[in-house]
1. Could you tell me whether the range B:117-130 includes any residue that is within 7 Å of chain A (Cβ to nearest Cβ), surrounded by fewer than 24 Cβ atoms within 10 Å (Cβ to Cβ) and over 19 Å from A:Tyr324 (Cα atoms)?
2. Does the range A:460-471 contain at least one residue that is out of contact with any strand residue (DSSP E or B) (no Cβ under 7 Å at 6 or more places or on another chain), buried (at least 17 other Cβ atoms within 10 Å of the Cβ), in contact (Cβ under 8 Å) with a residue 24 or more places away in the chain and assigned to a loop (DSSP other than H, G, I, E, B)?
3. For the range B:168-186, give me each residue that is of a type in the set (A, V, I, L, M, F, W, C) and within 9 Å of chain A (Cβ to nearest Cβ).
4. Quick check on A:Pro11: is it more than 13 Å from every other protein chain (Cβ to nearest Cβ) and part of a loop (DSSP other than H, G, I, E, B)?
5. Can you spot a residue in the range A:614-633 that is part of a loop (DSSP other than H, G, I, E, B) and closer than 25 Å to A:Glu14 by Cβ?
6. Of all residues being touching a strand residue (DSSP E or B) at 6+ places or on another chain (Cβ under 7 Å) and not in a loop (DSSP other than H, G, I, E, B) in the range B:69-81, which is farthest from the other protein chains (Cβ to nearest Cβ)? Just the residue, please.
7. Within the range B:83-93, work out how many residues are in contact (Cβ under 8 Å) with a residue 24 or more places away in the chain and within 9 Å of chain A (Cβ to nearest Cβ).
Amino acid sequence: MADEKSKYEWPTAEQRTLIGKRMSRVDGPDKVSGRAKYTYDVHRAGMLYAKVVRCPYPHAKVVSIDTSAAEKMPGVAAVHIIQDVGKEIQWAGDDIVVVAAVDEGSAADAARAVKVEYQQLPFFVDDFTKPTNVPEGAGPMSTNDLIGMFTNQVPEPQIIQAIQKRGISFQVQPGMIDQMRQNKVGEDVIKALQAAPVKEPEKSASNYRKEAESVKGDPDAAFKDAEVVSEGVYGCPVITHCCMESHGSIAEWTDNDHVFSHISTQNVSGLSGQFAQGLKIPAANVHVHQDHVGGGFGSKFGADRWGIYTAQVSKKAGGKPVRYMLERDPELTLAGCRPSAFAKVRVAAKKDGTLVGWESESWGTGGPGGGGAPPMPYVVNIPNFRKNHVAVLTNIGPARAWRAPNHPQGCLITMSAIEDMAAKLNMDPLDLILKNIKLTAPPDNQYHRDETYREELLIAADLIGWKPGWRPRGQNGSGAVKRGLGLALQTWGGRGHDSTCEVTIQPDGSVEMKMGTQDLGTGTRTCILQVAGDTLGLPIEKINLKIGDNQYPSSGGSGGSTTIGGVTTSTRRATVDAREQLFAKVAGALQAQPDDLEAVNGTIRVKAAPSRSLSWKEACARLGSQPIDVTTKNLRPEPLNSSGVGGVVMADVSVDTETGIVKMNKTVIVQDCGLIINMKTAESQVYGAMIMGIASTLYEEKVMDPTNGRMLNPNMDFYRLAGIGDIGELVVHMMTGKGYDERGPIGLGEPPTVGPMAAIANAVANAVGVRVPFLPITPDRVLAALNPAAGGSHASV
Amino acid sequence: MDDLPEKKKPNKPRKAQSSSGVSRRDFLKISGVTAAVPLVAQASALVLEEAEVAVQGPGKVPVALNVNGKKLNAQLEPRVTLLDALRDQFELTGAKRVCDRGTCGACTVLLDGKAVYSCSVLAIDAQGREITTVEGLGEPGRLHPVQQAFVDNDAQQCGFCTPGFVVATKAFLDQHPNPTPEQIKHGLGGNFCRCGTYAGIRAAVMQVAKKGA
């Protein structure tokens, strides 16, 4: 028998039949014809509709609630108080009362009839002003802090460090630990919490808290000896996830203690525990189902307060199905946003461009808790640095993981500061990065990261025409419209989450697979089928894949670019195991040993004598009456994949210096992500990352009203996404072949989303000759940067 | 402005028709000019611009819609939008509710062949019109060329904006069978996608334009 690795290892380029192919996604026809059913589209018999009474104040105490009039309204089936009298509300739009009625209109009418009185409390929504009078000690971690770090997917070592350094302000209850385990929080974090000293929470009136402070090398000497020092301020605001399908669910009770929830989620297998906790029923009694999800981007890992209260109001309505999907306003207000980050930066260099020192004072808000600190200096590991980050605690609503948590912010600030240094040195930033390319190598540098970046930079430069096109600042055209180029480097980890795959091969030749995963539109279904089909020698149409149900073998949530690495490795292992069993059954008939067989092109045949073969159907017929049924989990660590990818973004923009309008001419991304299973869907993800990056650079901002603490633009008119006319030409180049393929599949959900903001912001700076410090780069900010004397409010901090 | 889509807000409604209903525009006029007239069930008809029109609601009224060539009937409150009627009454859930205020285009359907935001049309106003939803264009195994082009060019990721985009593209190509890139920018500027599928959509439009839909 072949050893473990060679038995499961990915087929070589010559052997692959489906892996790596440019296949159209299998659920495409359902999606383009409107047949694909999303949670929002599910219509259960006798379904009721919910509407929610929301707190209009950003910080308040609930004083009284009167639901009596609402309960008597026509069509109302149940009224449920979500946050009762005495509760302190931390952001505007928070959920207070839910009403279920026969239709949406009746539910809305009844919600309007609920009377709630509040005591308004002082609030704070300003994350833009540079913090002053920051208290010395950060104080012990609160549960809000911890939840903030979990939901923004801060790396566990960083969380452990914070717990150890600061202690905690709460008792660690067994229930909390259960909940953390159900949410796949690492045992090291749990151990750190159990060992942490419990301290009195600090009574601080300050909205500022020191989040992280660190020093490496000797920054003082580096700046003292530096030949050139460049300074700048940079930053990006809070933005929202703005999923097209809002958050929400349909809950019903199949009996007194069994709940069934259709829910829009990135985490089909991971919700049972959360529902169980909220509804006080065993996790085994929770059934979760979802066929398609209309976007998540990191905001849909939880059952959420609304998932729980939808089930609670269903129970009050006799268990009838109740649908509550968030309206666009709460969706944008409270169902997910990315922390802001602003920074004052100094960079030290030698005249030849060698980077020697970094200093940054940064701040940003993740809402009521800290969201962790952006990694800086990003990718380019400048040897001497001093940095500190202040968390600004605000009443803007909680943050959630937004693709590549904290990376886009760290990348924007670092790459902007480096570009400004290049300008100060009169150097081409491409040359400056290449000069410092060794600094991009991580400590182990197992995959020659610096060499890969170099290769990617040169390919990207070629694709965008960098060398012929780049001009120093101030030399980008004599007319009003200036053209500029910018670049950024990006990175992410990846690897795979836990995943289990069940494969059944029936004696009639039909094949069924079950996995409790989800397809966010990344092509997960298609990729699983390509791996299974390649392994079994079958076209993908011959395999019936079922996903999206927590009654199937579990897979992890789709976050951190871990899905492709998880589901493809469990699929590969399960289908190899199933194939092996089939080979064992038919080897005799083919007068060969099982190891001598292969599954190719719908046949099982002898490798050395391909004419000795059975069709798939004939082979399966030899199973007798019992099917082959294999359930296989992937490994941790999984030798079939790896972690750590990189990419280069280059942008070409035109900026009208009279109107301040930025026009995208072209964006290029060159990206590596190990073995690519489906080139078509992989490229789509990278195109998408560019477009999202264009939107977050030029348009997106969660604007808070300083007078009433509410979001000013909770709609899609004024929370602007990029349209088809805003994006310019897009070019994607994926690195493949030797050096990449043998690393196995690594996810793409985060990596390409990191760099576009920085590359575009740098291109704008190159075009107009000055830094537009804060995103989004709206016309007023361009003009303010060009005319600082005019006193534009966004020219500097 | 460059980016204004050349479609979308529904046509001026036709004159109010006999008993089938009062158009929204006329309804607004009524409520504007006859503030003294209580608009409740007891007022069953009003005289408007010399024509007698029926007052609808506020309770449920019979609504008959012609959707994808089929006659569909329901009892609906007059405040129900065409989008909600399609989705909640007739299980035609291809058109999606996203922004719910005429911005994002995910609810796009054809009204007499013209693309409209169905979240901004009342169901009672859509009576007597020919309504085509994404389901009416084609189905798996028998896709419309525009739908096939969206599949071929991976012009979709999560797919939630896709049905609206498919319908908008169909209407756009009916008007501009051989569009320039500039026309695509404007003509499809009334739909938003969050995953970022515009590269595929542009390629899909060009594929159909070359072949002819």
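The values are calculated or read from the model by the stated rules, or taken from the named source; none is laboratory data. Quick caveat, the model's predicted, so the values are computed rather than measured. Here the Cβ is made from the backbone with ideal geometry for all residues, glycine too, and neighbour counts use every protein chain on show.
1. Looking for residues that are within 7 Å of chain A (Cβ to nearest Cβ), surrounded by fewer than 24 Cβ atoms within 10 Å (Cβ to Cβ) and over 19 Å from A:Tyr324 (Cα atoms), one finds none in the range B:117-130, hence no.
2. No, the range A:460-471 contains no residue that is out of contact with any strand residue (DSSP E or B) (no Cβ under 7 Å at 6 or more places or on another chain), buried (at least 17 other Cβ atoms within 10 Å of the Cβ), in contact (Cβ under 8 Å) with a residue 24 or more places away in the chain and assigned to a loop (DSSP other than H, G, I, E, B).
3. B:Ile184
4. Against the criterion (more than 13 Å from every other protein chain (Cβ to nearest Cβ) and part of a loop (DSSP other than H, G, I, E, B)), A:Pro11 qualifies.
5. No, the range A:614-633 contains no residue that is part of a loop (DSSP other than H, G, I, E, B) and closer than 25 Å to A:Glu14 by Cβ.
6. B:Lys71
7. Residues meeting the conditions: 2.
So that you can scan it fast, the table gives a plain yes or no per residue for (1) surrounded by fewer than 21 Cβ atoms within 10 Å (Cβ to Cβ); (2) without any contact (Cβ under 8 Å) to a residue 40 or more places away in the chain; (3) not charged (D, E, K, R):
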residue: A:Pro29; (1), (2), (3): no, yes, yes
residue: A:Val102; (1), (2), (3): yes, no, yes
residue: A:Ala110; (1), (2), (3): no, no, yes
residue: A:Val125; (1), (2), (3): no, no, yes
residue: A:Gly137; (1), (2), (3): yes, no, yes
